[in-house]
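Q: First the structure, which I've put down as structure tokens, then a few questions once you've had a look.
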């Protein structure tokens with residue numbers, strides 16, 4: 001066996017093609033040592049990743065193909081030290097994730113998910129739900145202004161929002177919209193959308209101070225990684241009324257979601273599905289296959305990480 005498949009890829013025909021085209025070992029709880037010695041490539045996803053210990057257990061490992069763009073669950077330092085190539089699937093999921101960011105923003109501002117529960121529970125018979133607020137004319141702050149962040153900017157401008165952002169550096173031509181820190185960004189917007197990478201550099205970046213700056217009328221949207229938000233401080237800010245509401249597709253310890261978040265009626269919660277469209281997942285799967293084929297043929301990867 002030469003390729004370790006850590007999880008099933010969607011749609012089903014992608015996994016079927018992988019099993020038919022490549023020499024695959026499907027992961028079990030423990031990989032026999034004789035198999036581990038032969039693994040040269042691993043197919044994984046952003047959530048599972050490949051830990052330091054798991055990588056050390058694969059001495060022949062040369063390539064990791066990620067079904068997604070998240071790499072915070074992979075030991076990139078070890079990968080660089082060992083010369084292990086890492087490929088992700090950027091670009092093909094950009095539109096789907098950006099659409100989800102807009103959908104969550106609209107759902108929270110217009111109380112769509114809350115209204116659905118309200119009707120199903122028969123509460124409409126006792127009176128109206130109450131008022132939401134329009135996005136037109138409001139300011140959105142985008143934390144992380146890469147491919148996905150820029151696409152979110154385009155979509156939110158299309159519904160009449162003013163766009164601000166923060167990143168490592170200003171984007172040429174958009175300097176006026178740049179804010180130097182997440183705190184400055186939160187102070188200047190009503191909606192804060194997180195599109196930053198996960199990992200140690202951004203762990204807990206959005207803390208209670210930033211949430212208080214966003215304010216009791218503010219909305220936090222996270223379609224990036226749960227680790228970017230200090231989840232405990234988010235709960236405290238919501239319970240204290242320091243933050244208006246949140247729409248979350250990602251959490252700190254997925255799939256476990258704290259009961260304190262579930263209890264918040266105004267929150268919109270989805271199970272890490274920002275890229276979960278048939279179109280995006282098919283394109284992601286094709287890129288995984290194409291990167292594997294390039295690796296096995298001794299060619300350059302199509303979408304390598306610069307380690």
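The values are calculated or read from the model by the stated rules, or taken from the named source; none is laboratory data. Please read these numbers as outputs of a predicted model, since none were measured by experiment. No Cβ is skipped: glycine too gets one built from the backbone with ideal geometry, and neighbour counts run over all protein chains shown.
Q: Are there any pairs with C-beta distances below 6 angstrom linking a residue in the range 198-219 that is over 16 Å from residue 251 (Cβ atoms) and in the same structural domain as residue 107 (by TED's automatic domain parsing) to a residue that is modelled with pLDDT of 95 or more and in a strand (DSSP E or B), with the two at least 6 apart or on different chains, and if so which?
A: 214/192; 219/191; 219/245
Q: Among the numbered criteria (1) modelled with pLDDT under 90; (2) surrounded by 17 or more Cβ atoms within 10 Å (Cβ to Cβ); (3) over 26 Å from the mean Cα position of the chain (by Cα), which one does residue 34 miss?
A: Residue 34 satisfies all of (1) modelled with pLDDT under 90; (2) surrounded by 17 or more Cβ atoms within 10 Å (Cβ to Cβ); (3) over 26 Å from the mean Cα position of the chain (by Cα) except (2).
Q: Could I ask something else about it? I'm told residue 66 meets every condition in (1) in contact with a strand residue (DSSP E or B) (Cβ under 9 Å, 6 or more places away or on another chain); (2) farther than 20 Å from residue 14 by Cα; (3) surrounded by 19 or more Cβ atoms within 10 Å (Cβ to Cβ) except one. Can you identify the failing condition by its number?
A: (2)
Each row is one residue, and each column tells you yes or no for (1) surrounded by fewer than 17 Cβ atoms within 10 Å (Cβ to Cβ); (2) in contact with a helix residue (DSSP H, G or I) (Cβ under 6 Å, 6 or more places away or on another chain).
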| site | (1), (2) |
| --- | --- |
| 109 | no, no |
| 123 | yes, no |
| 132 | yes, yes |
| 141 | no, yes |
| 158 | yes, no |
| 163 | no, yes |
| 166 | no, yes |
| 172 | yes, no |
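Q: Test residue 48 against the criterion of being buried (at least 17 other Cβ atoms within 10 Å of the Cβ), without any contact (Cβ under 8 Å) to a residue 24 or more places away in the chain and not assigned by TED's automatic domain parsing to the domain that holds residue 196, and give yes or no. Can you show your working first?
A: Numbers: buried (at least 17 other Cβ atoms within 10 Å of the Cβ): yes; without any contact (Cβ under 8 Å) to a residue 24 or more places away in the chain: no; not assigned by TED's automatic domain parsing to the domain that holds residue 196: yes.
Judged against the criteria, residue 48 is not a match.
Q: Another question, then. Applying the selection to the range 257-283, what residues are out of contact with any helix residue (DSSP H, G or I) (no Cβ under 8 Å at 6 or more places or on another chain) and either closer than 23 Å to residue 152 by Cα or surrounded by 16 or more Cβ atoms within 10 Å (Cβ to Cβ) (or both)?
A: Keep residues of the range 257-283 that are out of contact with any helix residue (DSSP H, G or I) (no Cβ under 8 Å at 6 or more places or on another chain), which gives 257, 259, 262-263, 271-272, 278, 283.
If the condition is that a residue be out of contact with any helix residue (DSSP H, G or I) (no Cβ under 8 Å at 6 or more places or on another chain) and either closer than 23 Å to residue 152 by Cα or surrounded by 16 or more Cβ atoms within 10 Å (Cβ to Cβ) (or both), then 257, 271, 272, 278, 283 are the ones that fit.
Q: Output the number of residues of the range 14-43 satisfying the condition of being closer than 14 Å to residue 2 by Cα and either in contact (Cβ under 8 Å) with a residue 24 or more places away in the chain or outside the structural domain of residue 285 (by TED's automatic domain parsing) (or both).
A: Taking the range 14-43 and keeping what is closer than 14 Å to residue 2 by Cα, we get 18-27, 31-43.
Subset that is either in contact (Cβ under 8 Å) with a residue 24 or more places away in the chain or outside the structural domain of residue 285 (by TED's automatic domain parsing) (or both): 18, 21-22, 25, 31, 35, 38-43.
Matching residues across the range 14-43 total 12.
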